[in-house]
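These notes are about the structure you will find just below.
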Amino acid sequence: MSTATRLTLRPATAADAPLIAAMHTASWQATYRGLLPAAFLEREVGGERSAWWRARMEAPGGDRRLVLIAELDEQTPVGFVCVEHQPDSPWGVLLDNLHALPAHQGVGVGKRLMQAAQDWARSLGETQLYLYVLEGNAPAIAFYERQGWAFSGAEPDQMGGVDITALRYVFRLDTA
């Protein structure tokens, strides 16, 4: 049986905040090595992501947000997605987080999570999604471009205590 057929998506709850934070931390530690300070990735990112996800999952406005956890065999978490409806955004719906754990990349987890985000945005009547990716994150950039996302700009930001450049990508939804 392939990974794709054993993969399920379930809505996250506030009780899942520690799990999501742990997956987010593991993803950043693997992906951002060499792009963000080692001290931040080794000592600070876990606590920072824990606080972030606890606050986010308990915050009002959950009806404007979709957070899904991808699980293998309905028991092993392997990734997550967070999408936010932003009615006033000129860019559409924000695909804020899309993470497949390193050991589960390249087997369809990211594609499945991305499809769920697109389906949700479409159900809201939206025609476009957007995301930001850290400049220098070549594997993620290549993944998004293979999925049909188009570069639409760059913005200065800060992450891990350093200045970074966030690249904005957009994806037009078909309405058929």
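Just so you know, in segment 138-176 the residues that are buried (at least 16 other Cβ atoms within 10 Å of the Cβ) and closer than 24 Å to residue 48 by Cα include one that is nearest to the chain's Cα centre (by Cα), and it is 140. Does residue 163 meet the test of being of a type in the set (Asp, Glu), at pLDDT below 95 and more than 21 Å from residue 11 (Cα to Cα)? Criteria not met by residue 163.
Taken over segment 91-109, the criterion of being over 20 Å from residue 63 (Cβ atoms), modelled with pLDDT of 95 or more and of a type outside the set (A, V, I, L, M, F, W, C) is satisfied by 99 alone. Residue check: residue 91 meets all listed conditions (1) within 12 Å of residue 169 (Cβ to Cβ); (2) in contact with a helix residue (DSSP H, G or I) (Cβ under 8 Å, 6 or more places away or on another chain); (3) surrounded by fewer than 19 Cβ atoms within 10 Å (Cβ to Cβ) but one, namely (2). Can you say whether residue 84 is touching a strand residue (DSSP E or B) at 6+ places or on another chain (Cβ under 9 Å), of a type in the set (Asp, Glu) and touching a residue at least 40 places away in the same chain (Cβ under 8 Å), as far as the supplied structure shows? Against the criterion (touching a strand residue (DSSP E or B) at 6+ places or on another chain (Cβ under 9 Å), of a type in the set (Asp, Glu) and touching a residue at least 40 places away in the same chain (Cβ under 8 Å)), residue 84 does not qualify.
In segment 54-80, of all residues being in contact with a strand residue (DSSP E or B) (Cβ under 6 Å, 6 or more places away or on another chain), without any contact (Cβ under 8 Å) to a residue 60 or more places away in the chain and not charged (D, E, K, R), the one that is nearest to residue 32 (Cα to Cα) corresponds to 79. Would it be correct to say that residue 22 is under 14 Å from the mean Cα position of the chain (by Cα), surrounded by fewer than 18 Cβ atoms within 10 Å (Cβ to Cβ) and within 19 Å of residue 98 (Cβ to Cβ)? Yes; evaluated as a whole, the condition is true for this residue.
Picking from 70, 15, which residue would you name as being small (Gly, Ala, Ser) and more than 16 Å from the chain's Cα centre (by Cα)?
Unique residue meeting the criteria: 15.
Screening residue 40 against (1) within 20 Å of residue 113 (Cβ to Cβ); (2) part of a helix (DSSP H, G or I); (3) among the aromatic types (Phe, Trp, Tyr) leaves a single unmet condition, (1). Scanning segment 1-26 for residues that are among the small types (Gly, Ala, Ser), part of a helix (DSSP H, G or I) and at pLDDT 95 or above yields 14, 15, 17, 21, 22, 26.
The values are calculated or read from the model by the stated rules, or taken from the named source; none is laboratory data. All figures in this text were calculated on a predicted structure; none of them were measured in a lab. Reconstructed Cβ throughout: ideal geometry from the backbone, glycine too, with neighbour counts over all protein chains shown.
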